[in-house]
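Report on the structure given below.
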Amino acid sequence: MRKIAFTGRQTLGAAALITAGLLTAGAAATASASGQSSADTASHGQPTEQEIRALFDEWNDALATGDPEVVADRYAADAVLEPTLSNRIRTDREGIVDYFEHFLAQDPDGEINESYVDILSHNAAVDSGAYTFHLTDPETGEQRDVAARYTFVYEKDPATGEWLIVNHHSSAMPEG
């Protein structure tokens with residue numbers, strides 16, 4: 001039997017992904033049993049699915065600046081990035097900035113194709129699905145699209161109230 005060890009952000013990183021379905025199902029059952037609607041829940045500090053989906057637009061707007069530091073500002077200090085066009089996992093700001101220096105040279109513009117949001121708590125959520133990046137080769141000007149799967153795990157910073165990415169996985173679709 002292989003032992004798996006979690007390092008770093010256990011409760012809202014890896015463990016959040018494992019328990020997302022249970023928490024979401026439990027919250028839905030509680031709300032349903034109490035007659036509470038999702039709008040009622042949102043009024044008590046829970047983010048809405050639309051608010052979480054809008055975080056992608058903020059991230060995409062950061063890409064449009066062409067500044068890797070601005071993009072890195074969307075990530076928590078100890079975030080993990082498993083990028084679309086690199087095999088190297090980035091686990092600190094320096095690595096995240098490095099990745100985006102190269103990625104931004106392709107003038108990326110992302111577009112969500114499918115989105116599935118799980119609200120974990122008033123300060124944590126997951127958005128998973130599929131997106132397409134429209135990229136331009138900086139040397140040839142040739143444009144191409146890269147279809148990819150994604151997962152963004154967000155956590156609200158308790159000091160600032162800002163939603164930050166704590167884990168971002170993106171991988172090109174294996175079937176093109």
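In this entry, Gly21 passes the filter for residues that are surrounded by fewer than 12 Cβ atoms within 10 Å (Cβ to Cβ) and at pLDDT below 95. Got a sec? Which of Glu82, Glu94 is open to solvent by 90 Å² or more (accessible area, probe 1.4 Å) and either closer than 17 Å to Ala62 by Cα or modelled with pLDDT of 95 or more (or both)? Matching residue, one of Glu82, Glu94: Glu94.
Within the stretch 155-166, the set of residues being open to solvent by 30 Å² or more (accessible area, probe 1.4 Å) and either within 19 Å of Ala54 (Cβ to Cβ) or among the basic types (Lys, Arg) (or both) comprises Glu155, Lys156, Asp157, Thr160, Gly161, Glu162, Trp163. Figure legend. Inter-residue proximity from the stretch 45-62: first residues more than 18 Å from His168 (Cα to Cα), second residues open to solvent by less than 80 Å² (accessible area, probe 1.4 Å) and assigned to a helix (DSSP H, G or I), beta-carbon distance below 8 Å, spacing 6+ or different chains. Indicated pairs: Thr48/Ala42.
Close contacts from the stretch 89-115, counting a first residue that is within 19 Å of Val166 (Cα to Cα) and in a strand (DSSP E or B) and a second that is of a type in the set (Val, Ile, Thr) and open to solvent by less than 30 Å² (accessible area, probe 1.4 Å), with Cβ to Cβ under 6 Å and a gap of 6+ residues or different chains, come to Arg90/Ile96.
Output the residues belonging to the stretch 65-79 that are open to solvent by 80 Å² or more (accessible area, probe 1.4 Å) and in contact (Cβ under 8 Å) with a residue 40 or more places away in the chain. Across the stretch 65-79, the qualifying residue is only Asp78. Here the stretch 138-154 is the region considered, the condition is being within 19 Å of Ser170 (Cβ to Cβ) and charged (D, E, K, R), and the residue that is surrounded by the most Cβ atoms within 10 Å (Cβ to Cβ) is Arg149. Among the residues of the stretch 154-176, those that are among the hydrophobic types (A, V, I, L, M, F, W, C) and under 10 Å from the mean Cα position of the chain (by Cα) comprise Leu164, Ile165, Val166.
Close contacts from the stretch 124-148, counting a first residue that is under 15 Å from Trp59 (Cα atoms) and of a type in the set (Lys, Arg) and a second that is open to solvent by 10 Å² or more (accessible area, probe 1.4 Å) and outside any strand (DSSP E or B), with Cβ to Cβ under 8 Å and a gap of 6+ residues or different chains, come to none at all.
Just one of the numbered conditions (1) over 18 Å from Phe56 (Cα atoms); (2) open to solvent by 80 Å² or more (accessible area, probe 1.4 Å); (3) not basic (Lys, Arg) is not true of Met173: (2). Being touching a Lys or Arg at 6+ places or on another chain (Cβ under 7 Å) and either surrounded by 13 or more Cβ atoms within 10 Å (Cβ to Cβ) or assigned to a strand (DSSP E or B) (or both): is that true of Ala130 here? For Ala130, the condition - touching a Lys or Arg at 6+ places or on another chain (Cβ under 7 Å) and either surrounded by 13 or more Cβ atoms within 10 Å (Cβ to Cβ) or assigned to a strand (DSSP E or B) (or both) - is met.
The values are calculated or read from the model by the stated rules, or taken from the named source; none is laboratory data. Bear in mind that the values here come from a model prediction, so they are computed numbers and not experimental data. Here the Cβ is made from the backbone with ideal geometry for all residues, glycine too, and neighbour counts use every protein chain on show. What goes into the accessible areas is simple: the full protein's heavy atoms, side chains included, and nothing from ligands, DNA or RNA. Shrake-Rupley method; radii C 1.70, N 1.55, O 1.52, S 1.80 Å.
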